[in-house]
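Undergrad: One structure is given below, represented as structure tokens, and several questions about it will come after.
The values are calculated or read from the model by the stated rules, or taken from the named source; none is laboratory data. Nothing here was measured: the structure is a model prediction, and the numbers come from that model. Neighbour counts run over all protein chains shown; Cβ positions are idealised from the backbone, glycine included.
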Amino acid sequence: MRDRMGGKNPGNHIYKRHLSTTSNSQTPNSTMAKTKELSKDTRNKIVDLHQAGKTESAIGKQLGVKKSTVGAIIRKWKTYKTTDNLPRSGAPRKISPRGVKKNDEAKIPEPHGGT
């Protein structure tokens, strides 16, 4: 009997896939690191260059941004006519807008946990 590499298989040897025991991520379940958001100025430059007729690849190379990021910003601008950060989905805040204002004025951190 021969193994996968063409050599002879000495008995009941089990072949194991060698997996790295070190991880680059901070949390065990994450797959990619979070990246910083682009500045508003950079996002506006992307839209301006797009309107000037430049391709997504050319804009990305000029500004040092991935082509997919450039495309996402252009798509967002075409849909919403803005490059601002839009609200993200998630559970509603447990504190009222009035409470938020009071916290900001008093520099008190928002409560965490509990209902």
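Undergrad: Considering every residue within the stretch 5-12, establish whether at least one is at pLDDT below 60, surrounded by 10 or more Cβ atoms within 10 Å (Cβ to Cβ) and assigned to a loop (DSSP other than H, G, I, E, B).
TA: yes
Undergrad: Check 66, 78 and return the single one that is over 30 Å from residue 112 (Cβ atoms), out of contact with any helix residue (DSSP H, G or I) (no Cβ under 7 Å at 6 or more places or on another chain), without any contact (Cβ under 8 Å) to a residue 24 or more places away in the chain and not polar (S, T, N, Q).
TA: Working: 66 fails: out of contact with any helix residue (DSSP H, G or I) (no Cβ under 7 Å at 6 or more places or on another chain).
Among 66, 78, only 78 is over 30 Å from residue 112 (Cβ atoms), out of contact with any helix residue (DSSP H, G or I) (no Cβ under 7 Å at 6 or more places or on another chain), without any contact (Cβ under 8 Å) to a residue 24 or more places away in the chain and not polar (S, T, N, Q).
Undergrad: While we're on this one: Which residue is surrounded by the most Cβ atoms within 10 Å (Cβ to Cβ), if the candidates are limited to the stretch 88-108 and must be among the charged types (D, E, K, R) and assigned to a loop (DSSP other than H, G, I, E, B)? Please lay out each step first, then the result.
TA: The first filter runs over the stretch 88-108 and keeps only residues among the charged types (D, E, K, R), leaving 88, 93-94, 98, 101-102, 104-105, 107.
After this cut, where a residue has to be assigned to a loop (DSSP other than H, G, I, E, B) as well, the list is 88, 93-94, 107.
On the way: 88: 5, 93: 10, 94: 12, 107: 6.
The selected residue is 94.
So that you can scan it fast, the table gives a plain yes or no per residue for (1) of a type in the set (Val, Ile, Thr); (2) more than 20 Å from the chain's Cα centre (by Cα):
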| residue | (1), (2) |
| --- | --- |
| 35 | yes, no |
| 43 | no, no |
| 52 | no, yes |
| 65 | yes, no |
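Undergrad: Kindly evaluate residue 33 against the criterion of being modelled with pLDDT of 70 or more and outside any loop (DSSP other than H, G, I, E, B).
TA: no
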